[in-house]
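Please read the structure below before turning to the comments.
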Amino acid sequence: MRTLNQVRVFGAATALVAMTGAHLVAQADDKAAGETWKQTMSMEMAGMNMPARTFEVCVPAGKAQEALSKPQGPGMGGNCAMQDIKHDGNRFTAKLICTGQRPMEATIETILDGDHAKTTVAMATSGQQMTMKMDSQKVGTPCTPKTLPGAK
């Protein structure tokens with residue numbers, strides 16, 4: 001039974017990884033200029049660690065703090081909401097609550113320091129705890145941001 005629970009949690013975690021990785025892609029129309037950011041993400045949960053993955057994402061120019069602070073992507077429809085949102089200088093914190101088929105709660109903290117951002121997401125789902133860490137560095141190459149599901 002424990003293995004089945006871990007498989008379910010890992011499936012939910014994979015969806016959250018997709019969502020969180022996608023959170024760097026902010027809403028913008030296809031004509032808006034963006035800047036490329038390189039992000040390295042790692043995940044830890046009871047009994048397993050996911051190796052760090054590095055990928056590039058496109059963030060609207062001049063909107064890094066907003067884009068890096070708002071999870072977007074698959075699973076961020078009407079059943080997920082950000083609560084207790086706080087901006088304090090270069091620090092953003094919030095609570096993410098999702099209900100429905102895959103209920104979960106997460107706390108998010110992003111610290112933006114110029115062309116560098118660190119994000120930590122502590123999540124609880126199906127009785128399991130998970131922590132994701134993302135380290136983002138602005139590359140600066142021009143790109144075109146895309147809008148993902150859940151972008152508001």
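Backbone geometry of segment 101-118 corresponds, through the Karplus equation with coefficients 6.51, -1.76 and 1.60 at θ = phi - 60°, to 3J(HN,Hα) couplings of 4, 10, x, 7, 10, 8, 10, 10, 9, 10, 10, 9, 10, x, 9, 9, 9, 10 Hz, x marking Gly and Pro.
Computed from phi, the 3J(HN,Hα) profile of segment 47-52 under the Karplus parametrisation 6.51, -1.76, 1.60 (θ = phi - 60°) reads x, 7, 10, 8, x, 4 Hz, with x in place of Gly and Pro.
Each residue in C80, C98 was given a count of other beta-carbon atoms within 10 angstrom of its own, and listing them fewest first yields C80, C98.
Every number in this text was worked out from the coordinates using simple rules, so none of it is lab data. This structure is a prediction, so every number in the text was calculated from the model and none was measured. Quick reminder, even Gly has a Cβ in these numbers, built from the backbone with ideal geometry, and neighbours come from all protein chains shown.
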